[in-house]
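Since the structure comes first, as structure tokens, the remarks are kept for the end.
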Amino acid sequence: MRSGRVNLREVHKAYGSFRALDGVSLDIKAGEFLTLLGPSGSGKTTLLNVIAGFERPDLGSLLVDDVEFITRPPHKRDLGMVFQNYALFPHMDVFSNVAYPLKLRKVDKPSIRRRVMDALEIVHMQHLADRRITALSGGQRQRVALARAFVFEPRLLLMDEPLSALDKNLREHMQIELKRLHKQLGMTTIYVTHDQQEALTMSDRIAVLDKGRIVQLDVPATVYDRPNCKFVAGFMGETRFLPVERRDQSYVLDGRPLRLADTRAVSSTGETWLMVRPERLRWQGDASSDNRIEGRVLDVVYRGDCNQVSVSLPGGHEVAIRHSGAERQPLPQPGDTLALWLPAEASLVIGSAAP
Amino acid sequence: MLNTPATSTQVTHGQRLWLYATVALVMAFLVIPCILVIPMSFSDSQYLEFPPRSLSLRWYEAFFTSTEWIQSAVVSLKVAGLTTVLATVLGMLASYGLYKATSVFTPITRGLLMLPMMIPLIFVAIGVFFVYARFGLNNTITGLVLAHTTLAIPFVMIAVGNGLKSFDPNLERAARSLGASPVTAFLTVTLPQIRISVFSGMLFAFVTSFDEVVVSLFVSSGANSTLTKRMFANIRDQVDPTVAAISSMLVALSIVVLIAAQFVKRKDA
Amino acid sequence: MTLAMDEAPGMPLNRAMLKSARRRERRILSGLALPALVLVACILLIPFAWLAWLSLFDAAGNLSAQNYARLLRPAYVGSFLTTFKVAGLVTALCVVFGYPVAYLLSQLSARAAQILLVFVILPFWTSVLVRTYAWLVLLQRNGVINDWLLSMGVIGEPLALVHNLTGTIIGMVHVMLPFLILPLYASMKAIDPVLLRAAANCGASPSQAFRQVFLPLSMPGLASGIALTFVLCLGFYLTPALLGGGRVAMWSTQIADAVSKFSNWGAASALSVALLVVTAVVLWGVRRLTDALSFSAGKP
């Protein structure tokens, strides 16, 4: 069996009265790319630091390959970590940075040389081995930090928002490259980010955190298309919510019953909303299978690849739809009344808490 | 030039001439006494004049041929050297411990360790003199080193603390995650990163001890008199030009130290 | 880590284990400060406690307030007054001379400030003893200053510039100036120049901008500089002892004399305790004042 399984049980960590982690349990499979996604203050970085050993929880268990790690000091955990600001040692050159973990493990000189150069080759940095860290660009530093984290073949690779300091183009490029690298190395990877796009692009599974708890844990498509509560739905994508009434087994929007493909995500009590995302709305529809939403055009904003049309609905609510020019429909003007359609399979009713 | 704006609120240099004049005067007041001793120390006469009427090295000769002066200079160097080592080690350990710890006692511990900097030296002097008398530590190198180390610890802590403040704690975490024990991580990553601060702390410790007068007045005498104690007695009792020679050498030393410090800073940046 | 824990992982959720690990870590970290603390205790705290205890007894060993009553004698009261007069005067002169210097330094480019700072730091690094000696040589009856003034015909006969209050104050201002300038400069450096531009943009003249924006923002730095200077002056020994020539009786010289001339430990300890109390009160008062003067904009 491959190593690198992680089992967290009931991890609690409080700072005074603030609960940074409020009973987190999580099972991570060997070789998996798992992302901890959440807004700042949600506890994702604290959780990563608990796994790395930099934070001591108040309570809880952390098993790595069935061995209790919770009080084990960081240097005996055998895990590689990439930090947000890379944390490369400025007083060493690229080679020495990557060689550092191997030297600590008393690897013999020729092997160090070979393994460091191999690692640098994987991240395309072998030609810069004797550069000073200060002479590297952000993307290059990123690669060196990565090489340093996996050169000693740790069981786990931890990454704390490693791409947040890079500009947009480089970030997107590095996302693909990290994903490829994960496939190549096969190490269990735990990745922290607040960027939902990044999480969706890279992960095998995503754990969404809010207020120190994991609110949803699933594959990216499910987390995006079938969020289990209003928080997750609002965090992923450009989501608007329309309040719906509950009547027996069905839901009613503006007096019309909603056509839904599945209602599993709704808890039995509390308020309920219809989740509406711009890319799921249609300009044309069929009254027998789609939900009709009527409103008045508020404004039209040009966004390059499309125009975003904001539509105000009765009751002060607002939805948006994209007009790319490919649809057989003229671009509406502010003030126009508009009928939009949400297909049943794209219609999801959610509650404020996970069911 | 005088009409170009000097600040972001468009005050011209001309309108600020009075400011430049005041500052120039204050700077002259600050520096001239330190510098003027040097030419005067080469005077040939018993009375120090500026400019000296005839030049000679007789006061330097008087210093280097006097066993007493040389003996006390050796004592001072020995005490300052030992103080530097001890204060740097103790101050660095304390500073690092307080940097890492998050206890309710941290502020009070820091306050206690900063105390020697704030308490009047005369008080430290008589207190130490009083207690040393009970333990036979008066007029010993050990006694001087212990007292000077106490005085120097706050300076080391401030210097090292500043270094740690600008040190990225993730570097140490990175080292730990890569397999370094706490001690190894400190020695291979933290210490190299704060070395400039540690060095300036050492410098402060050395100067604190070497220049210290008041405590030395009370707890050193005879063969273990420090240079400053002997100078003090000399200045109070007669104006001996030998002291001018020593002072000049000390001023020259501080200029060298200052230049070295600037050089290190620039090289680091 | 026990074997039992590995076999039955997470059952009691490791509460005890985590607690003891945390305690161990805290012990190690506080242990790092211990050697320094022990030293400070032995060199500073124990002597202080001992002297404070001693001050409560008279020469015969009976508990009495005699030592403190003695502080009210004219000679001691006079030295208190001298001490406060000198400390106040020196501090005031330091503010008058130091504020413009710190202000100009804070307005200059980093490079120019670096060069001018050398003029402040050089005296700072030079031994107080050496500087005091230099002033003695400059100010004495047949010293350089009197020579020049005589030869220029400004004065008819040498001025008494040393072995009196004048010399003490000149020497002390020289010693204390860097202590005022350096913290003041640091705090002025932290004032965002954009604020002055904003004031000008609102229609303030340069002097209004200085008075209404810069001056108030520099107050906390000035207050702590003043506190440092004043407190250092209160207990300062070296310069009064040498440039005062025995004629300027300050608190510190009284303490030294009580010990070295009269071996009167009762008097010395009472004086020391009083000096420490005054020092602490001044520091505490200024801390309160600085807190009141600080604006959230001036803090990081």
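Comparing B:VAL207, B:VAL31, B:VAL189 in a Gaussian network model of chain B where C-alpha atoms under 10 Å apart are linked, the largest mean-square fluctuation is found at B:VAL31. For B:VAL85 and A:VAL219, a Förster radius of 51 Å and the Cβ-Cβ distance give a FRET efficiency of 0.25, rounded to the nearest 0.05. Taking a ≥ b ≥ c as the square roots of the Cα gyration tensor eigenvalues, chain C comes out oblate, since a/c reaches at least 1.5 and a/b does not exceed b/c. Placing +1 on the Cβ of every Lys and Arg and -1 on the Cβ of every Asp and Glu, with no other charges, gives chain C a dipole of roughly 580 debye about its Cα centre. Around the amide H of A:VAL82, modelled in the peptide plane, lie the amide H atoms of A:LEU158, A:MET159, A:ASP160, all under 5 Å away and 5 or more residues distant in sequence or on another chain. Computed from backbone phi, the HN-Hα couplings of region A:134-148 come to 5, 8, 9, 7, x, x, 5, 4, 3, 5, 5, 4, 5, 4, 5 Hz, rounded to whole numbers (Karplus: 6.51 cos²θ - 1.76 cosθ + 1.60, θ = phi - 60°; Gly and Pro given as x). Proximity of backbone amide H atoms, modeled 1.01 Å from N, is registered between A:ASP290 and no other residue at under 5 Å, excluding neighbours fewer than 5 places apart on the same chain.
If R0 is 45 Å, the Cβ-Cβ spacing of A:GLU345 and A:GLN84 corresponds to a FRET efficiency of close to 0.70.
Between C:LEU159 and B:ASN162, what is the FRET efficiency for a Förster distance of 51 Å, r being their Cβ-Cβ separation, to the nearest 0.05? It comes out at approximately 0.70.
Hey, fewest Cβ within 10 Å first, where do C:TRP265, C:TRP50, C:TRP284 land in order?
In order of increasing Cβ crowding within 10 Å: C:TRP284, C:TRP50, C:TRP265.
Note on chain B: dipole from Cβ charges, positive end direction compared against B:THR208, B:LEU121, B:PHE155; the farthest Cα belongs to B:PHE155. In this simple spin-label approximation, B:GLN71 and A:ARG56 carry label points 7 Å from Cα along the Cα→Cβ vector, and these lie 5.5 nm apart. Placing a pseudo-label 7 Å from each Cα along the Cα-to-Cβ vector at A:SER164 and C:LEU81 gives an inter-label distance of 6.5 nm. Counts of other chain beta carbons within 10 angstrom of each beta carbon in peptide C:109-116 average 1.
Springs between Cα atoms under 10 Å define the GNM used for chain B, and in it the highest mean-square fluctuation of B:THR83, B:THR142, B:THR228 occurs at B:THR142.
Per residue, the average separation of C-alpha pairs within less than 8 Å and at least 6 apart gives region A:1-87 a relative contact order of 32 percent.
Between A:ASP118 and A:ARG246, the simple label model (points 7 Å from Cα in the Cβ direction) yields a spacing of 5.7 nm. One Cα centroid belongs to region A:45-80, the other to region C:48-80; the line between them spans 61 Å.
Restricting the trypsin sites (Lys or Arg not before Pro) of region C:205-300 to loop positions (DSSP other than H, G, I, E, B) with no more than 15 neighbouring Cβ atoms within 10 Å leaves C:ARG247, C:LYS261. Residues C:MET176, C:MET219, arranged from fewest to most other Cβ atoms within 10 angstrom of their Cβ, appear as C:MET219, C:MET176. Residue by residue, region B:131-146 carries 3J(HN,Hα) couplings of 6, 4, 4, 6, 10, x, 9, 5, 6, 10, 5, 3, x, 4, 4, 4 Hz when phi is fed to the Karplus relation 6.51 cos²θ - 1.76 cosθ + 1.60 (θ = phi - 60°); x denotes Gly or Pro. Kindly list the residues of region A:225-259 that lie in the label zone of A:GLN329, defined by a backbone N under 19 Å from the point 7 Å along the Cα-to-C-beta vector. Only A:238-242, A:259 fall inside the zone, counting backbone N under 19 Å. Distant-in-sequence amide contacts of A:ALA20, defined by a placed amide H-H separation under 5 Å and a gap of 5 or more residues or a different chain, comprise A:LYS13, A:ALA14, A:TYR15. Along region C:218-227 the Karplus relation, 6.51 cos²θ - 1.76 cosθ + 1.60 evaluated at θ = phi - 60°, assigns HN-Hα couplings of 8, 4, x, x, 5, 4, 6, x, 4, 4 Hz to successive residues, with x for each Gly and Pro. Listing B:SER200, B:SER56 from fewest to most neighbouring C-beta atoms within 10 Å gives B:SER56, B:SER200.
Throughout, read-outs are computed from the coordinates displayed, never taken from laboratory work. Worth saying up front: this structure is predicted, and the values here are computed from it rather than measured. Glycine also receives a Cβ, built like all others from the backbone with ideal geometry; neighbour counts cover every protein chain displayed.
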